[in-house]
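See below for the structure under consideration.
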Amino acid sequence: MTITSYLRVVRASAWYDLVVTAGFATPWTYALVHDALGGLPELDPVQTLYANLLGSVVVVWAVLRIVRPVALHGLLDGVARVLFTAWQGYALAQGAPRFLWLFLTVEAAFGVLQLAPWGRPGTELRGPLVR
């Protein structure tokens, strides 16, 4: 994979994150998302706080990768996606709503796309970490 195509993947994953998590960034938008998802526990202030914290951080991280995609951002985002995939899998095993499989699949796919090039010998990504 060339650095140009890799950075397209980094930017595409950022757009996905922005679209999927923007609704979690404020208490008002999270209430709408919560109602639309259905089947979730009743809305409470602590749940809203954690959703807003997650949404805010992911939105800022997504904007950074959209505005300034670099190889290092792809590597770090790939690691984060491994963690997100693990926690989503854990939640599903604990009885979380089945629609979470859709998000787990996308997380895993972007994780593979962003991490796989780093495991290949001679990849051109190792040099331009902050290009």
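Details
- Among the residues of region 17-36, those identified as exposed (fewer than 12 other Cβ atoms within 10 Å of the Cβ) and not acidic (Asp, Glu) are Val19, Trp28, Leu32, Ala36.
- Hey, Ala96 surrounded by 13 or more Cβ atoms within 10 Å (Cβ to Cβ), farther than 20 Å from Ser13 by Cα and out of contact with any Ser or Thr (no Cβ under 8 Å at 6 or more places or on another chain) or not: yes
- Evaluation of Leu40 against (1) touching a Gly at 6+ places or on another chain (Cβ under 6 Å); (2) at pLDDT below 95; (3) not small (Gly, Ala, Ser) (one fails), failing number: (1)
- Sub-7 Å Cβ pairs linking a first residue in region 42-67 that is free of Cβ contacts under 8 Å to residues at least 24 places away in the same chain to a second residue that is aromatic (Phe, Trp, Tyr) and assigned to a helix (DSSP H, G or I), at least 6 apart or interchain, are Thr48/Tyr30, ordered by first then second residue.
- Residue, surrounded by the most Cβ atoms within 10 Å (Cβ to Cβ), within region 50-73, restricted to residues that are of a type outside the set (A, V, I, L, M) and more than 15 Å from Leu7 (Cβ to Cβ): Gly55
- Condition check for Gly119: within 24 Å of Met1 (Cβ to Cβ) and loosely packed, with under 13 Cβ neighbours inside 10 Å: yes
- Yes/no for Val79 being in contact (Cβ under 8 Å) with a residue 40 or more places away in the chain and either within 30 Å of Thr2 (Cβ to Cβ) or in contact with a helix residue (DSSP H, G or I) (Cβ under 6 Å, 6 or more places away or on another chain) (or both): no
The values are calculated or read from the model by the stated rules, or taken from the named source; none is laboratory data. Keep in mind that this is a model prediction, so the values were computed, not measured. Using ideal geometry, Cβ is built from the backbone for each residue, glycine included, and neighbour counts are taken over all protein chains shown.
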